[in-house]
Amino acid sequence: DQQVKQNSPSLSVQEGRISILNCDYTNSMFDYFLWYKKYPAEGPTFLISISSIKDKNEDGRFTVFLNKSAKHLSLHIVPSQPGDSAVYFCAASVNSGGSNYKLTFGKGTLLTVNP
Amino acid sequence: DSGVTQTPKHLITATGQRVTLRCSPRSGDLSVYWYQQSLDQGLQFLIHYYNGEERAKGNILERFSAQQFPDLHSELNLSSLELGDSALYFCASSVAPGSGQYFGPGTRLLVL
């Protein structure tokens, strides 16, 4: 049972354009969402997060949107740069209290930004 | 550099053997998480320790165990290894609930 789904295994965009990465979830108990970027042979790098009490969070070129009613979130990268080419993972967690924040990951989307 | 260190970087061993993977969290982080990334399963949560205590278990096999020591480093022990245990094993740490988890570079385990 995949609770976090990234339905697009890959995405290709031109440099300077917007990249939109999508993620859907099924567990309505999730209350914290994160995006990670991963290069080959490296660990995932934390990019940006959003709490379920918000619907948008922005950090530089990266913006995450959360639509709780649709159980959908997206990551917007504007403008896209060739260095953004990587696998992007969506992750979610449940605040069950007691500092337990295990992450449930999607399977990732490979973003390629073409010069 | 996330500040999380993992050793060894690569490990090749045979079926039936036992290995220990080590993780040092970022300075000040009390939580350590272990994840397994295999080709077909993506990143799967294994276990979470907070300040030396086990807090949550995920899809962790009984052949696997972990602990977190007083200096907050953690070890993941994998025993009776099978071919299917070949994967990347990541450790992550976080300072507090609600903050992002920071991942180490991973240990690539190959069981032959």
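Against the conditions (1) farther than 27 Å from B:LEU83 by Cα; (2) not in a strand (DSSP E or B), where does B:LEU61 fall short? Just the number, please.
(1)
List the pairs whose first member sits in segment B:80-96 and is more than 9 Å from B:THR107 (Cα to Cα), whose second member is surrounded by fewer than 20 Cβ atoms within 10 Å (Cβ to Cβ) and among the polar types (S, T, N, Q), and whose Cβ atoms are under 7 Å apart, counting only residues at least 6 apart or on separate chains?
Pairs that qualify, where the first residue is more than 9 Å from B:THR107 (Cα to Cα) and the partner is surrounded by fewer than 20 Cβ atoms within 10 Å (Cβ to Cβ) and among the polar types (S, T, N, Q), are B:LEU81/B:THR13; B:LEU81/B:THR15; B:LEU81/B:GLN17; B:GLU82/B:THR15; B:LEU83/B:THR15.
Pairs only if they're at least six apart or on different chains, beta carbon under 9 angstrom, first in segment A:4-19 and within 14 Å of A:GLY83 (Cα to Cα), second loosely packed, with under 13 Cβ neighbours inside 10 Å and modelled with pLDDT of 95 or more; list them, first residue then second.
From segment A:4-19, the pairs are A:SER12/A:ASN114; A:VAL13/A:ASN114; A:GLN14/A:ASN114; A:GLU15/A:PRO82; A:GLU15/A:ASN114.
Are any residues in segment A:64-93 among the β-branched types (Val, Ile, Thr) and either crowded, with 18+ Cβ neighbours inside 10 Å or free of Cβ contacts under 8 Å to residues at least 60 places away in the same chain (or both), and if so, which ones?
A:VAL64, A:ILE77, A:VAL87
What do you reckon, is B:GLU82 within 11 Å of another protein chain (Cβ to nearest Cβ), surrounded by fewer than 17 Cβ atoms within 10 Å (Cβ to Cβ) and of a type in the set (Asp, Glu)?
Working: within 11 Å of another protein chain (Cβ to nearest Cβ): no; surrounded by fewer than 17 Cβ atoms within 10 Å (Cβ to Cβ): yes; of a type in the set (Asp, Glu): yes.
Here the answer is no, as B:GLU82 does not meet what is asked.
Can you tell me which residue among A:PHE105, A:PHE65 is modelled with pLDDT of 95 or more and either closer than 27 Å to B:TYR50 by Cα or within 13 Å of the chain's Cα centre (by Cα) (or both)?
It is A:PHE65.
Taking interchain pairs and intrachain pairs at least six residues apart, which have beta carbon atoms under 9 angstrom, with the first residue in segment A:35-63 and under 11 Å from A:LEU75 (Cα atoms) and the second β-branched (Val, Ile, Thr) and assigned to a loop (DSSP other than H, G, I, E, B)?
Filtered contacts from segment A:35-63: A:ARG61/A:VAL78; A:PHE62/A:VAL78; A:THR63/A:VAL78.
Show me the strands (runs of 3 or more DSSP E) entirely contained within segment A:2-93 in which 1 or more residues are over 15 Å from A:GLY106 (Cα atoms). I'd like the intermediate steps shown before the answer.
On the way: elements: A:10-14, A:19-25, A:32-38, A:45-51, A:56-59, A:62-67, A:72-77, A:86-93.
In segment A:2-93, the matching strands (runs of 3 or more DSSP E) lie at A:10-14, A:19-25, A:45-51, A:56-59, A:62-67, A:72-77.
Considering each residue of segment B:62-79, count those that are touching a residue at least 40 places away in the same chain (Cβ under 8 Å) and among the aromatic types (Phe, Trp, Tyr), and give that number.
Here the count works out to 0.
Is there any pair linking a residue in segment B:36-60 that is buried (at least 16 other Cβ atoms within 10 Å of the Cβ) to one that is among the acidic types (Asp, Glu), with Cβ under 7 Å and at least six apart or on different chains, and which?
B:ILE47/B:GLU54
One residue is enough: does segment B:71-78 have a residue meeting the conditions in a loop (DSSP other than H, G, I, E, B), away from chain A (no Cβ under 14 Å) and loosely packed, with under 15 Cβ neighbours inside 10 Å?
Yes, because at least one residue in segment B:71-78 is in a loop (DSSP other than H, G, I, E, B), away from chain A (no Cβ under 14 Å) and loosely packed, with under 15 Cβ neighbours inside 10 Å.
Is it true that B:SER2 is away from chain A (no Cβ under 13 Å), in contact (Cβ under 8 Å) with a residue 60 or more places away in the chain, touching a Gly at 6+ places or on another chain (Cβ under 9 Å) and part of a loop (DSSP other than H, G, I, E, B)?
Details: away from chain A (no Cβ under 13 Å): no; in contact (Cβ under 8 Å) with a residue 60 or more places away in the chain: yes; touching a Gly at 6+ places or on another chain (Cβ under 9 Å): yes; part of a loop (DSSP other than H, G, I, E, B): yes.
In short, no.
Let me confirm something: among B:GLN36, B:GLN17, which residue is part of a strand (DSSP E or B) and modelled with pLDDT of 90 or more?
B:GLN36
Return the only residue of B:ASP1, B:ASP71, B:ASP29 being among the acidic types (Asp, Glu) and under 19 Å from A:ALA41 (Cα atoms).
B:ASP1
Can you confirm whether A:LEU73 is modelled with pLDDT of 95 or more and of a type in the set (A, V, I, L, M)?
So A:LEU73 fits the description; yes.
The values are calculated or read from the model by the stated rules, or taken from the named source; none is laboratory data. The structure presented is a predicted model; accordingly, all values stated were derived computationally and were not measured. Note: ideal-geometry Cβ built from the backbone for every residue, glycine included; neighbour counts use all protein chains shown.
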